[in-house]
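The values are calculated or read from the model by the stated rules, or taken from the named source; none is laboratory data. Since the structure is predicted, the reported quantities are computational estimates derived from the model, not experimental observations. A quick note on method: Cβ atoms are made from the backbone with ideal geometry, for glycine too, and the neighbour counts reach across all protein chains shown.
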Amino acid sequence: MEFIRPSYNLSLIGFNYSDVDLLNKVLEQLDIELIDDSSQLFDFNSFTFEIIKSKSLRESLIKAYRKEDAEIEQNLINNMGFDCTSYHFRWSLFLLLIMSGNNYASEIKLFLDTDEAYLHYSIDIFAVFFMAYRKNYFSVNRIYNLIMDVNNIERTGWLNAEIPTNHKESISEHMFSMYHLTRMYLKDKSHLEGYNKETILRLSMIHDVVESIIGDIAYPTKNDNDEKEEENEGKALFIAYLYLTGDDSYYNDWCEWCDNSTINSLIAHDMDILQFNYRFMRYVKEYPNHFSDEEIKRWMRRSPKTMLGQELFKTIILDNELFKDLINKIE
């Protein structure tokens, strides 16, 4: 691992010279390479991610800090301050959390409650970690229990549509159906640069798990704040899993889904829409008198964005023998 050596330029984000000296002494004891380049600041986000991922690095860091400062935890509390927006605050609080656990629970809670809005809506790795700590996600059992709760949540769109059945599609059924839609209809190889079917399959089985925490918000009413809340909840949940296990696959998959810029995430979002289209058409087929022609057209306006998604819409919906008597209502 390579990182820019901390320089006194860190004073720009709240560190004093003694902080920088201590940080350098500690880093020199770790199995990392420090590059001298005073024109760049030390990358706390990347370094923190490596610490969260590696228990051995974390243990080495704690040992190195305690070697250089026998009273490091109390000194962190005394010097931390309340500026939640500064890297100095966030780095110090992160150190305190990984070093002390609950030994300073009241002090830690005070700091976490100082500016919850900032910590919740910031996208840096510190804020995600603090959010996970505040929500007590640091147990694999708790993480699994939360994810499995999607079995009990019915899709809000179908509830709002008053589908006349005692059993509406649940979140887990939606993801299961999307997984098999992806597995059966997507090709193993593609000319599209970066295309990876296995990645899309993983995204299909993770994309709605956070709805067990925040609930399912139907597509037309979901706004940017809802999207940000969902993104941060997922990051907090999976950064805790990463911290506990060292496995960053859940976290990386979740970030890719939320970013929605790679070819795999774009296709995954289209598969999400296609599963919605398919499920809706099944409801129309099962309850032909429940939706007017105008309502059918309105519901089906949500359609895939990529060329591949549009081609699959034709295959899965328009050319599907099951829906042949309904096609004139959606075209």
message = Every residue in the stretch 37-64 that is without any contact (Cβ under 8 Å) to a residue 40 or more places away in the chain and surrounded by 15 or more Cβ atoms within 10 Å (Cβ to Cβ), please.
response = 41, 42, 57, 60, 61, 62, 64
key: 3 or more residues in the same structural domain as residue 166 (by TED's automatic domain parsing) and farther than 22 Å from residue 196 by Cβ: qualifying helices (runs of 4 or more DSSP H) within the stretch 256-319   = 263-286, 293-299
remark   = residue 232: passes all of (1) of a type in the set (S, T, N, Q); (2) surrounded by 19 or more Cβ atoms within 10 Å (Cβ to Cβ); (3) over 9 Å from the mean Cα position of the chain (by Cα) but (3)
inquiry  = I'm checking my understanding of the structure. Among residues of the stretch 65-88 that are more than 15 Å from residue 31 (Cα to Cα) and among the hydroxyl-bearing types (Ser, Thr, Tyr), which one is surrounded by the fewest Cβ atoms within 10 Å (Cβ to Cβ)?
reply    = 85
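Going by the structure shown, is residue 148 outside any loop (DSSP other than H, G, I, E, B) and either touching a Lys or Arg at 6+ places or on another chain (Cβ under 6 Å) or under 30 Å from residue 311 (Cβ atoms) (or both)?
Considered against the rule, which asks whether it is outside any loop (DSSP other than H, G, I, E, B) and either touching a Lys or Arg at 6+ places or on another chain (Cβ under 6 Å) or under 30 Å from residue 311 (Cβ atoms) (or both), residue 148 comes out as no.
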ask   = How many residues are aliphatic (A, V, I, L, M) and surrounded by 21 or more Cβ atoms within 10 Å (Cβ to Cβ) when one looks only at the stretch 253-283?
value = 5
query = Which pairs have Cβ atoms under 8 Å, sit 6 or more apart or on different chains, and link a residue in the stretch 253-268 that is in contact (Cβ under 8 Å) with a residue 12 or more places away in the chain and farther than 11 Å from residue 238 by Cβ to one that is part of a helix (DSSP H, G or I) and aromatic (Phe, Trp, Tyr)?
reply = 265/257; 268/257
key: Selection count where residues are farther than 29 Å from residue 191 by Cβ and of a type outside the set (A, V, I, L, M, F, W, C), scope the stretch 283-330   = 19
task = Pull up the stretch 1-36, narrow it to residues that are of a type in the set (A, V, I, L, M) and over 21 Å from residue 63 (Cα atoms), then point me to the one that is surrounded by the most Cβ atoms within 10 Å (Cβ to Cβ).
result = 10
request  = Would you mention how many residues in the stretch 122-180 are basic (Lys, Arg) and surrounded by fewer than 17 Cβ atoms within 10 Å (Cβ to Cβ)?
outcome  = 3
note = Of all helices (runs of 4 or more DSSP H) fully inside the stretch 1-111, the set with 3 or more residues that are within 22 Å of residue 238 (Cβ to Cβ) is 44-53, 55-68, 87-100
inquiry  = Can you list residue pairs whose Cβ atoms sit under 6 Å apart, with the first residue in the stretch 86-103 being closer than 14 Å to residue 11 by Cα and the second being of a type in the set (Asp, Glu) and not in a helix (DSSP H, G or I)? Count only pairs 6 or more apart in sequence or on different chains.
reply    = 89/83
ask   = Which one of the conditions (1) out of contact with any Pro (no Cβ under 9 Å at 6 or more places or on another chain); (2) surrounded by fewer than 19 Cβ atoms within 10 Å (Cβ to Cβ); (3) not polar (S, T, N, Q) does residue 242 fail to meet, given that it meets all the rest?
value = (2)
request  = Consider only pairs whose beta carbons are under 8 Å apart and that are at least six residues apart or on different chains; among these, list those whose first residue lies in the stretch 143-169 and is under 30 Å from residue 243 (Cα atoms) and whose second residue is modelled with pLDDT under 85.
outcome  = 153/215; 153/216
